[in-house]
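Below is one structure, written out as structure tokens; the observations come after it.
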Amino acid sequence: MPVYEYMCDSCGDFTELRPMSEYQAPQPCPDCGAMAPRVMLTAPHFSGLSRENRIAHSTNESARHNPMSVDAYKEKQERVKHASNCSCCSGGMKSRSKKNRTATSASGAKSFPSARPWMISH
């Protein structure tokens, strides 16, 4: 429902959330109860959202009435196509961090043999 502006002669302007079918009907003032006609004090505002924001808003709106279960979320994530340089699918930084590349000797000294063998470890 849209928000409309009304002007009371004694109390001043106020806004009301009304159905579009009642856009021309006067509304009672919330302070004094007198019928106030609709006025246009500010210009209409149309917000332009980016594609990402529209998708986020529609996802949040649909999730409010029909929340997704954990299994449904996992199935959806499996169907999502990632870019060729995605770190979760193409062996990027995420998959590298799972492997422990630190070698520890019996004395407790650490080295990184697979990362950069030409560097001296401290």
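Would you mind getting me the FRET efficiency between residue 24 and residue 79? Use the beta-carbon distance for r and R0 = 35 Å, nearest 0.05. So the FRET efficiency works out to roughly 0.10. Rounded to whole numbers, the Karplus 3J(HN,Hα) couplings from phi for the stretch 66-73 are 9, x, 8, 6, 4, 5, 5, 5 Hz, using 6.51 cos²θ - 1.76 cosθ + 1.60 with θ = phi - 60°, and x at Gly and Pro. The loop-placed chymotrypsin sites (Phe, Trp or Tyr not before Pro) in the stretch 1-58, going by DSSP, that have at most 14 neighbouring Cβ atoms within 10 Å of their Cβ come out as 23, 46. Would you grab the residues whose amide H sits under 5 Å from the one on residue 29? Only those 5+ places off in sequence or on another chain, please, with H modelled 1.01 Å from N. Excluding prolines and chain starts, which carry no amide H, the hits are 34, 35, 36.
For a paramagnetic label modelled on residue 11 (point 7 Å from Cα along Cα→Cβ), amide N atoms under 17 Å away belong, within the stretch 27-44, to 27-39. Taking amide H as placed 1.01 Å from N in the peptide plane, residue 13 has its amide H under 5 Å from the amide H of 8, each at least 5 places away in sequence or on another chain. Using θ = phi - 60° in the Karplus curve 6.51 cos²θ - 1.76 cosθ + 1.60, the 3J(HN,Hα) couplings for the stretch 9-18 round to 5, 9, 9, x, 7, 8, 10, 9, 8, 10 Hz; x is entered for Gly and Pro.
Each value in this text was obtained by applying a stated rule to the coordinates, not by laboratory testing. Computed from a prediction, not measured in an experiment: that's the story for all the values here. Positions of Cβ are generated from backbone atoms using ideal geometry, with glycine treated the same way; all protein chains shown enter the neighbour counts.
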